[in-house]
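Structure first, then comments.
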Amino acid sequence: MNTLVTKLEHKWISLTLKQHWTTAMAASKVQLSTLPPEPVIPSKKPFKVELIGGKRYSWCTCGHSKKQPFCDGAHKTKAKGLTPLRFVPEKDTTVWLCGCKYTNNPPYCDGTHKQDFIVSAPLHEPADS
């Protein structure tokens, strides 16, 4: 009887420890931060763009797009948590779209690129892929 109890206890202990180890390993792969990543700065100047009224545009918010100031989907691999800002202008117009990605009036430039934290920050250089 003692041998049977010992074998059952050993099996229970092994399974219990294995479950906790598996849970701990799975938990270590979880991101702890729920904040989206900070955008990179692709340009310290705005982009002058002619927009067509009624057309939908996707302004890049992450700074990784190679089609600045518009989105090319780079956020899906390089800045998970950031998504483009989609907008439709009412009429044909020429505007200045933010290039530094820190405007308080997205997607339009508000002069934030002239502030010290942008002026002193490094420009993002996209890697060729």
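Taking the conditions exactly as written (open to solvent by less than 70 Å² (accessible area, probe 1.4 Å), polar (S, T, N, Q) and either over 15 Å from the mean Cα position of the chain (by Cα) or within 20 Å of residue 44 (Cβ to Cβ) (or both)), does residue 68 satisfy them or not? When the stated conditions are applied, residue 68 passes them. Here the condition is being among the basic types (Lys, Arg), assigned to a loop (DSSP other than H, G, I, E, B) and either within 17 Å of residue 125 (Cβ to Cβ) or in contact (Cβ under 8 Å) with a residue 24 or more places away in the chain (or both); of 91, 48, it holds for 91 alone. So is residue 116 open to solvent by 80 Å² or more (accessible area, probe 1.4 Å) and in contact with an Asp or Glu (Cβ under 8 Å, 6 or more places away or on another chain) or not? So residue 116 does not fit the description; no.
The values are calculated or read from the model by the stated rules, or taken from the named source; none is laboratory data. Keep in mind the model is a prediction, meaning the values are calculated, not measured. FYI the Cβ positions are ideal-geometry reconstructions off the backbone, even for glycines, and counts take in every protein chain you see. Please note that ligands, DNA and RNA were not included when accessible areas were found on the heavy atoms of the full protein model with its side chains. Shrake-Rupley method; radii C 1.70, N 1.55, O 1.52, S 1.80 Å.
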